[in-house]
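Here's the structure we're looking at; comments come further down.
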Amino acid sequence: MTIPKKPYRIKTGESLPLLPLRDIVVFPRMMVPLFVGREKSIRAVERAMESNNIIMLAAQKSARDDNPEPDDIYRVGCVSEIMQVLKMPDGTIKIMVEGLQRAEIASFTESKPMLMTAVEKSSTISAVMTDTEMKALVRGIVNLFKKYIKTDSSLPPGMETELDSITDPEELCDFIMANLSIKTEERQKVLAENDLVKRIEDICTHLESEIEIGQIEKRVRGRVKKQMDKTQKEYYLNEQMKAIQKELGRSDLKSDIEELRQKIGKAGMPKEVLAKSLKELNKLEQMPPMSAEGTVVRNYLDWLVDVPWSKRNRDNLDTKRAKKILDEDHYGLDKIKERMLDYLAVKKLSKTGRGSILCLVGPPGVGKTSLGKSIARALGRQFVRVSLGGVRDEAEIRGHRRTYIGALPGRIIQSMKKAGSINPVMMLDEIDKMSMDFRGDPSAALLEVLDPEQNISFSDHYLEVDYNLSEVLFITTANTVHNIPAPLLDRMETLRMAGYTEQEKVKIASNFLVPKQLKEHGLKNRNISFADSVLTNIIRHYTREAGVRSLERVLAKVCRKVTRKVVEKRKYNPKLSVSLLKSYLGVEKYRLESAQAHSEAGFAVGMAWTEAGGEIMNIEVSVVPGKGKLILTGKLGDVMRESAQAALTYIRSRARMFSLRPGFYSKSDIHIHVPEGAIPKDGPSAGITMVAAMVSAFCKVPVRHDVAMTGEVTLRGKVLPIGGLKEKVMAAHRAGIKAIIAPEENERDMEEIPKNIRREIKFTFVGSMDEALSAVMTEPVFKQ
Ligand code: ADP
């Protein structure tokens, strides 16, 4: 469209044919092609062609109107010249017109066969304005239009130069309107505006809003394009991946999802879980395969499918059969076996089977874990073990939320998956070795696991849905009860497994461990035989423990040596002797902790309890010239150091009775030493031994070498009860001790002590230190 300048003067009341226009408003100096099809319009064009090619163009109010009446046509239009006419084969014509001047239809003079009008020139006025003001207005509109040009890429290039060449404001308006695409009504309004200033302002408003729309459009287009690029890339890559997978013969995603759907259907999930799984499956279907989110959902669904929801093992509640199995697997442990059989009996009658949770407490290797396994075997349930040693984070029990990368369910749910049934025997091992830090308290989570009120709906962070743990038979284990968090301990019934006597160990070895090792090494009875005396020798000199784990290891070592001999067909004596044992196992590792062969002043034997069982503990006291210092050596804990102080104070308070001079200690240093301190020992129970050793050193009277003692002493010399008597007594028995001094309140623990030990050792229960000293000293130390 170009804008030629052509002066044309409309005569007032000039009669012109009218061409009504749909959807277009022609401005002066604007050249447009028009398609003319309506009969009346063709006639109007023809009439114009017959005279001077001048025609009146005015827009219809409604574009849809095929036969507009005078009222349906805007009054203001544009007198134009027809530049070209092209007849089309279908009878219509195409004309090229050029706008000349704004004009108003004064009246319609004919309506058939075409519309004829009498027109009048519309004169442009401009409100009183200075030149400068007009210039400013013009500059404003020019700038705006230049901005507009930038947003509309459909405009032909070179527009700006053309714009700069126009100086007349009205011409400028016409030029802009020729190139601005806005609605017909708006264009008509601009055309009909006689006031030039107002016209310019109107155009400015349109320009501004068009520029804004253009910018928004541009932004949106940019965004859409980016999105399109990304989707196209993903689509392309996915298609490629599918092709690769097809080449590799892998099943495609569809069948994978179907397979998963079937698994979900078969998993026997509760309603909510099923709903959740199907929802996630739908999500998975929508996601591009192998995408990061897809993998997360996929893993999650795998977990939901793999965790047991309804599969359970039928309990075998036959107590006779259970007893047989428990006896088959373990020697002794009668009390615990009884307790288990009681449990079965209760379950058989009550059906609910919610008993308290058992906690097996004892040193390592006494058979806690293997007992759990036999209970599962007796019941006909699966056995799973969860080790809690070192667990310090709640998330280890409850899992991490799915939003974490590499998140997994907690140990409880993982073990349930391993068990594959909802009612396994679950052993929570080393419940006393859990710790707590800033990441949350695992024992709180465990409390929920073990509480029958809450474990029906245990919540794991990863699983998100509640899981029913109420059918699981929980058994916990610990080395000591002291370190079990109190609320947990409260939920459990503790059963102590103190460790085995030497005779028991021999029995366990010959009846259980040796046959087991022979079988594992593929040996026959004729290949090797262990006499009881040899087993005792192994127990005494190659192991030092309350349980039988090292014993089992040593037996395995012997079996390995023998197996090699058998395989290499070498000659050897299958009857194991002590000397042969040495050749297999090397020199004896431990000599029997034994009491001294003779009594000596300043020396006393105590008994200590450690996590690995009991031990005897020699205490040596030496009094040397000095300044009254108390020196303590050996690996002693704080409580034992304090016992030593208390012992000295007790002796000082009784100095007269012991015939000691006043200030007897101020010119000497007292050195207390507890040898064999590799195992840290602590606790107040060494009190009476310390007092005895110190009195013995001061009075130079020996303590009986075959007596071992245990008991806490108060400053006033009262003897208080101690814990772990059974372990201590067994250690003393192993060491060949003949008499034991213990607090009188511990007399009630005697029934725990094996009968043969009770027979072989003389027990003296004392209420005060004075009584203890009377019993242990080789000569009286009290002044008569
Ligand atoms: P814990 O769990 O108490 O540390 P384990 O259960 O691992 O000990 O036992 C160690 C080994 O000792 C196992 O092979 C177990 O079979 C054996 N054992 C322990 N006590 C007995 C027993 N009373 N009768 C037979 N074998 C036993």
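The values are calculated or read from the model by the stated rules, or taken from the named source; none is laboratory data. Just so it is clear, the structure is predicted and the values come from calculations on it, not from any experiment. In this analysis, Cβ positions are derived from the backbone assuming ideal geometry, glycine residues included, and neighbour counts consider all displayed protein chains.
Before moving on, here are some points about what is shown:
- Boolean, Lys189 is without any contact (Cβ under 8 Å) to a residue 60 or more places away in the chain and not β-branched (Val, Ile, Thr): yes
- Of residues in segment 543-555 being assigned to a helix (DSSP H, G or I) and among the basic types (Lys, Arg), the one farthest from the ligand (Cβ to nearest atom): Arg553
- Residues satisfying the criterion are present in segment 467-487 (criterion: part of a helix (DSSP H, G or I) and out of contact with any Phe, Trp or Tyr (no Cβ under 7 Å at 6 or more places or on another chain)).
- Restricting segment 489-542 to residues that are part of a helix (DSSP H, G or I) and basic (Lys, Arg), the residue that is farthest from the ligand (Cβ to nearest atom): Arg491
- Every residue from segment 528-548 that is more than 43 Å from the chain's Cα centre (by Cα), β-branched (Val, Ile, Thr) and crowded, with 18+ Cβ neighbours inside 10 Å: Ile528, Val534, Ile538, Ile539
- Yes/no for Val220 being modelled with pLDDT of 80 or more and either within 24 Å of Thr167 (Cα to Cα) or among the acidic types (Asp, Glu) (or both): no
- Residue check: Arg102 meets all listed conditions (1) out of contact with any Leu (no Cβ under 6 Å at 6 or more places or on another chain); (2) surrounded by fewer than 17 Cβ atoms within 10 Å (Cβ to Cβ) but one, namely (2).
- All positions within segment 273-300 that are out of contact with any helix residue (DSSP H, G or I) (no Cβ under 9 Å at 6 or more places or on another chain) and modelled with pLDDT of 90 or more: Ala275, Lys279
- Residue list for segment 266-290, restricted to those being free of Cβ contacts under 8 Å to residues at least 24 places away in the same chain and either among the aliphatic types (A, V, I, L, M) or not in a helix (DSSP H, G or I) (or both): Leu274, Ala275, Leu278, Met287
- Counted as qualifying within segment 610-725 are the strands (runs of 3 or more DSSP E) with 3 or more residues that are farther than 25 Å from Ser768 by Cβ, namely 613-625, 668-673.
- Selection count where residues are of a type in the set (S, T, N, Q) and in contact (Cβ under 8 Å) with a residue 60 or more places away in the chain, scope segment 393-421: 1
- Scanning segment 307-319 for residues that are of a type outside the set (A, V, I, L, M, F, W, C) and at pLDDT below 90 gives Ser310, Lys311, Arg312, Asn313, Arg314, Asp315, Asn316, Asp318, Thr319.
- Take the conditions (1) more than 16 Å from the ligand (Cβ to nearest atom); (2) part of a loop (DSSP other than H, G, I, E, B); (3) of a type outside the set (Val, Ile, Thr); (4) within 54 Å of the chain's Cα centre (by Cα); Tyr584 misses just one of them, which is (2).
- Residue match in segment 742-758 (condition: modelled with pLDDT of 90 or more, under 19 Å from Val691 (Cα atoms) and not in a helix (DSSP H, G or I)): yes
- Each residue in segment 759-784 was checked for being outside any loop (DSSP other than H, G, I, E, B) and within 17 Å of Ile688 (Cβ to Cβ), and 15 pass.
- Test: residue in segment 72-90 that is among the aromatic types (Phe, Trp, Tyr) and part of a helix (DSSP H, G or I): no
- Unmet requirement for Tyr343, which otherwise passes all of (1) more than 16 Å from the ligand (Cβ to nearest atom); (2) touching a strand residue (DSSP E or B) at 6+ places or on another chain (Cβ under 7 Å): (2)
- Counted residues, segment 346-364 - those being within 16 Å of the ligand (Cβ to nearest atom) and hydrophobic (A, V, I, L, M, F, W, C): 4
- Looking only at segment 143-189, and only at residues there that are among the basic types (Lys, Arg) and assigned to a helix (DSSP H, G or I), the one that is nearest to Ser209 (Cα to Cα): Lys147
- Single unsatisfied condition, Arg314 versus (1) in contact with a Gly (Cβ under 8 Å, 6 or more places away or on another chain); (2) surrounded by 15 or more Cβ atoms within 10 Å (Cβ to Cβ): (2)
For every residue, the table says whether it meets (1) crowded, with 18+ Cβ neighbours inside 10 Å; (2) within 50 Å of the chain's Cα centre (by Cα).
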site	(1), (2)
Gly614	yes, yes
Ile619	yes, no
Lys635	no, yes
Ala655	no, no
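- Of all the listed residues (Glu396, Glu338, Glu328), the sole one being away from the ligand (no atom under 11 Å from the Cβ) and more than 22 Å from Glu493 (Cα to Cα) is Glu396.
- For Glu186, the criteria (1) at pLDDT 90 or above; (2) surrounded by fewer than 17 Cβ atoms within 10 Å (Cβ to Cβ); (3) out of contact with any helix residue (DSSP H, G or I) (no Cβ under 9 Å at 6 or more places or on another chain); (4) under 18 Å from Pro28 (Cβ atoms) hold in every case but one, which is (3).
- Of all residues in segment 310-340, those satisfying the criterion of being in contact with a Leu (Cβ under 9 Å, 6 or more places away or on another chain) and under 18 Å from Asn423 (Cα atoms) are Asn313, Asp315, Asn316, Leu317, Asp318, Ala322, Met340.
- Residues (surrounded by fewer than 21 Cβ atoms within 10 Å (Cβ to Cβ) and touching a residue at least 60 places away in the same chain (Cβ under 8 Å)) located in segment 502-527: Glu502, Gln503, Glu504, Lys507, Asn511, Phe512
Residues checked against (1) within 16 Å of the ligand (Cβ to nearest atom); (2) over 21 Å from Val465 (Cβ atoms); (3) not hydroxyl-bearing (Ser, Thr, Tyr):
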site	(1), (2), (3)
Gly367	yes, yes, yes
Val391	no, yes, yes
Gly410	no, no, yes
Gln414	no, no, yes
Gly420	no, no, yes
Glu430	yes, yes, yes
Leu450	no, no, yes
